[in-house]
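Below: the structure, in structure tokens.
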Amino acid sequence: SQQGEEDPQALSIQEGENATMNCSYKTSINNLQWYRQNSGRGLVHLILIRSNEREKHSGRLRVTLDTSKKSSSLLITASRAADTASYFCATDAGTGGFKTIFGAGTRLFVKA
Amino acid sequence: DAGITQSPRHKVTETGTPVTLRCHQTENHRYMYWYRQDPGHGLRLIHYSYGVKDTDKGEVSDGYSVSRSKTEDFLLTLESATSSQTSVYFCAISESDQPQHFGDGTRLSIL
């Protein structure tokens, strides 16, 4: 069973707009990660947020974490056509270690 | 990326044949993983390794076996391939709870 579930499953926006993707999970976690996957490629790590953090930034990315609601969001500001990809959240499901459980992903399409 | 090579990149085979996929890393990372990716399921963990000769099962391990005789190589074997094992297989590496680095995948079709 999947630990993380992303919402929406697909998102289509215009270049320059912001894109928000949400992730909900079921069990306690030590950290939550977001990954990106371009078509035909492997996943690339974007950002990691620990359970004692509420918000984290990296460039145009902003991640929030609400452990009381067991949810996280990924915001991409000023989107570009090159941001078109699938985005996955992943948690350690409280293992505190190396096992990571991935959600099914959000497919983002940014129209130029 | 991150010194991970998967081979082959594409393979078509028949039901009942054995198949071995190889993952090779040059990063000397302790942990290695095999996932399969199917539409609607995201990535699901098949097996993982936490050291040479140390492996354990993941979420969807039935029908798969693995071996790790050297730090740099992690092999995934389908002893008798079935059509339900048609998928894209990804290898990943990491150190402890650090983010994983992925290979570019092997697209496996079983007819």
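Taken together, the values in this text are just the output of simple stated rules run on the coordinates, not laboratory data. As the structure is a computational prediction, the values presented were derived from the model and not from experiment. Every residue, glycine among them, receives a Cβ derived from its backbone with ideal geometry; neighbour counts consider all protein chains shown.
Here region B:71-111 and region B:8-52 have alpha carbon centers that stand 1 Å from each other. Please quote Rg/Rh for the protein assembly as shown to two decimal places, taking the Kirkwood radius as Rh and restricting both calculations to Cα atoms. In the protein assembly as shown, Rg relative to Rh is 0.98.
Computed over region B:8-53, the alpha-carbon pair-distance distribution with 10 angstrom bins reads 18, 44, 33, 5, each value a whole percent. Quick one: P(r) of region A:1-63 from all Cα-Cα pairs, 10 Å bins, percents rounded to integers, in order of increasing distance. With a bin width of 10 Å, the distribution comes to 16, 49, 31, 4.
Modelled label positions at A:Glu55 and A:Arg41, each set 7 Å beyond Cα in the direction of Cβ, lie 2.9 nm from each other. Suppose R0 equals 25 Å; then what is the FRET efficiency for B:Thr5 and A:Phe109 from their Cβ-Cβ distance, rounded to the nearest 0.05? E(calc), rounded to 0.05, equals 0.25.
Its Cα centre serving as origin, chain A has a Cβ charge dipole (Lys and Arg +1, Asp and Glu -1) of approximately 160 debye. FRET efficiency for the pair B:Thr20 and B:Tyr50, taken as 1/(1 + (r/R0)^6) with r the Cβ-Cβ distance and R0 = 25 Å, rounds to 0.75. Taking one quarter of the surface of the convex hull spanned by the alpha-carbon atoms of chain B gives a direction-averaged projected area of 6.3 nm².
A Cβ-based charge dipole, computed about the Cα centre of region B:57-107 with Lys and Arg at +1 and Asp and Glu at -1, lands at about 140 debye.
Spatially close Lys pairs in chain A, defined by Cα atoms under 29 Å apart and a spacing of eight or more places or different chains, total 10. For chain B, the relative contact order is 36 percent, taking Cα pairs closer than 8 Å that sit 6 or more residues apart in sequence and dividing their mean separation by the residue count.
Here the protein assembly as shown is assigned +1 on the Cβ of each Lys and Arg and -1 on the Cβ of each Asp and Glu. Its dipole about the Cα centre then comes out at about 180 debye. Extension gain, A:Ser28-A:Ala10: 0.36 nm per intervening residue step, less the Cα-Cα distance, totals 3.8 nm. Selection among B:Ser109, B:Tyr50, B:Ser61 by position relative to the dipole of region B:29-111 gives B:Ser109 as farthest towards the positive end (Cβ unit charges, Cα centre).
Per residue, the convex hull spanned by the Cα atoms of chain A amounts to 93 cubic angstrom. Among rounded, prolate and oblate, which fits region A:32-98 when a ≥ b ≥ c are the square roots of the eigenvalues of its C-alpha gyration tensor, a/c under 1.5 means rounded, and a/b larger than b/c means prolate? Oblate, since a/c reaches 1.5 and b/c is not below a/b.
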